[in-house]
1. Taking only C-alpha pairs under 8 Å that are 6+ residues apart, what is the relative contact order of the chain in percent?
2. Taking the chain as the reference, fit the longest principal axis to its C-alpha atoms, fit the long axis of helix 76-94 to the helix C-alpha atoms, and give the angle between the two in degrees, 0 to 90, nearest 10.
3. Would you be so kind as to identify which of 110, 140, 90 lies farthest towards the positive end of the dipole of the chain, taking Lys and Arg as +1 and Asp and Glu as -1 on Cβ and the Cα centre as origin?
4. Place +1 on the Cβ of every Lys and Arg and -1 on the Cβ of every Asp and Glu in the chain, take the dipole about the Cα centre, and give the residue among 157, 101, 28 whose Cα lies farthest towards its positive end.
5. In debye, nearest 20: dipole of the chain around its Cα centre with unit charges on the Cβ of K, R (+) and D, E (-)?
6. Beta carbons within 10 angstrom, averaged per residue: use that to sort the peptides 32-41, 67-76, highest first.
7. Give the ranking of 93, 18, 154, 48 by solvent-accessible surface, highest area first, calculated with a 1.4 Å probe.
8. Kindly rank 57-64, 166-173, 110-117 from highest to lowest mean number of other beta carbons found within 10 Å of each residue.
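The values are calculated or read from the model by the stated rules, or taken from the named source; none is laboratory data. It should be emphasised that the depicted structure is a prediction, and the values quoted were computed from it without experimental measurement. No Cβ is skipped: glycine too gets one built from the backbone with ideal geometry, and neighbour counts run over all protein chains shown. These area figures cover heavy atoms from the full protein model, side chains too; ligands, DNA and RNA do not enter into them. Shrake-Rupley method; radii C 1.70, N 1.55, O 1.52, S 1.80 Å.
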Amino acid sequence: HNIQEALKIPRLKRVYWIYFLFLFGWTLLFQFVPLLMVRNFAFTNAKIGALAAFMGVCWALGALVNSRILSKKFTPIKILELALIIFTFLCAIIGLPLPLWPLLIMLGFSVLLGGVAWPLCTTLIANFAGKSMHGKVMGISQSMQSLAMAVAPILGGFAAHFYIYLPFLLAALVNLLAARLYSKIKSA
């Protein structure tokens, strides 16, 4: 019900789609990297745990870089645009057969950008809503987040069944769509 309601608010409709597509792509990346590491690099449980810690550190660095450095020099609109575009390319690169270390470097940068883009998406949603609507639109954004995080693993699992790199290419595609929608909002 909340998602249907979100898509009826004209000013926010595109912003919610950008958020949904970004989170869909992010979820594909986050959920299927461990599978890729196990299948292609024989990662053990301990190595998957270390990978999760690495991703957490990269996420925190992204949030720190955004709040301490980028936000002081650039507008949130410009930061998000660049983050979406670069995240798209990194997902596509991760969707290629790579040796372990280049893959980990690409993954680290993509997670860092996720830590930049996610809060900026929610900021964009809040900025497009009036102050009287903040609580409602943020609640609806949680519904969009839940939907993206529920659908992505299902479609990603189906894609990975055919080709292990396909979830990452799908993540790149949906984030390319998010970046395209974002460019339309920015120019409007």
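1. 44 percent
2. So the inclination is approximately 30 degrees.
3. Checking the options against the dipole of the chain, the answer is 140.
4. 28
5. Using only the charged Cβ atoms, the result is roughly 600 debye.
6. Highest mean packing first, the order is 32-41, 67-76.
7. Putting 93, 18, 154, 48 in descending order of accessible area: 154, 93, 48, 18.
8. Answer by packing, highest mean first, reads 110-117, 166-173, 57-64.
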